[in-house]
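The values are calculated or read from the model by the stated rules, or taken from the named source; none is laboratory data. Worth saying up front: this structure is predicted, and the values here are computed from it rather than measured. Backbone-built Cβ (ideal geometry, glycine too); neighbour counts: all protein chains shown.
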């Protein structure tokens, strides 16, 4: 793998082992805590009922917490396409970052280098589709913001490690904030479901819809996170499905 892997096992996992074939997703998180040491302790504390398979320190060190074939407790209530409760089908990677509640920072170069290596390794080992490399906010938009708008999805996409659109950001910027028609807004929401985001029902509130749009923006239109479907969002959404 070309990585220095440290082991610090967490007992927060489900027994028995799962089949290798069940691993279809990789979910990226940030820790969302002020101190890295406290975040790591929490992922190993039985009382927290939280864990992940891998942890990436600020300096890029990779720590393995839960063996791949055991379910770690990182996704919670979640969905993507026809899958529910993604702990069963995924590997979780926690990246040390204080997150939105504690002075959200850019991810370090060392962290991203390590992430690229472990993603490449896991994608090859488990034959995971790059469409299935997701953020926590993708699969739980009502609850989660991580890894957030500072996470470099586009850089990973250039390495063929995740999904991205094929539009020139500078060229489509002129459509940012431009009002979209009601018809195209409806098409946009349908397209979100086709990409994999959860389907809203008639009981869903305006805030549920807004959080879903925000999750999409945090992932694919990171320069403006406002929950409003504009022409730029619509073009990006169409491009992702092409």
When both residues are 6+ apart or on different chains and their Cβ atoms are under 7 Å apart, which pairs have a first residue that lies in the stretch 154-179 and is within 13 Å of residue 119 (Cα to Cα), and a second that is assigned to a loop (DSSP other than H, G, I, E, B)? 156/162; 157/163; 157/164
Give the stretch 212-238 a look and list any residue that's farther than 22 Å from residue 28 by Cβ and assigned to a helix (DSSP H, G or I), or say none. 231, 232, 234, 235, 238
So, residue 133, is that one within 22 Å of residue 3 (Cα to Cα), in the same structural domain as residue 73 (by TED's automatic domain parsing) and surrounded by 13 or more Cβ atoms within 10 Å (Cβ to Cβ) or not? yes
Can you list residue pairs whose Cβ atoms sit under 7 Å apart, with the first residue in the stretch 103-129 being without any contact (Cβ under 8 Å) to a residue 60 or more places away in the chain and the second being in a helix (DSSP H, G or I)? Count only pairs 6 or more apart in sequence or on different chains. 112/155; 116/156
Which residue, of 45, 103, 68, is surrounded by fewer than 18 Cβ atoms within 10 Å (Cβ to Cβ), at positive phi and assigned by TED's automatic domain parsing to the domain that holds residue 138? 103
Right, residue 178: at pLDDT 95 or above, in contact with a strand residue (DSSP E or B) (Cβ under 9 Å, 6 or more places away or on another chain) and not assigned by TED's automatic domain parsing to the domain that holds residue 29 or not? yes
Any residue at all in the stretch 23-42 that's over 18 Å from the mean Cα position of the chain (by Cα), in the same structural domain as residue 153 (by TED's automatic domain parsing) and farther than 27 Å from residue 149 by Cα? no
Single residue of 203, 209, 199 found to be more than 17 Å from the chain's Cα centre (by Cα), in a helix (DSSP H, G or I) and surrounded by fewer than 18 Cβ atoms within 10 Å (Cβ to Cβ): 209
Sort out which residues of the stretch 183-206 are at pLDDT 95 or above and more than 18 Å from residue 139 (Cβ to Cβ), and write them in order of number. 183, 184, 185, 186, 187, 188, 190
All but one of (1) over 21 Å from residue 23 (Cβ atoms); (2) in a helix (DSSP H, G or I); (3) in contact (Cβ under 8 Å) with a residue 40 or more places away in the chain hold for residue 138, so report the exception by its number. (1)
Just one of (1) more than 17 Å from residue 10 (Cα to Cα); (2) assigned to a helix (DSSP H, G or I) trips up residue 103, so point out which. (2)
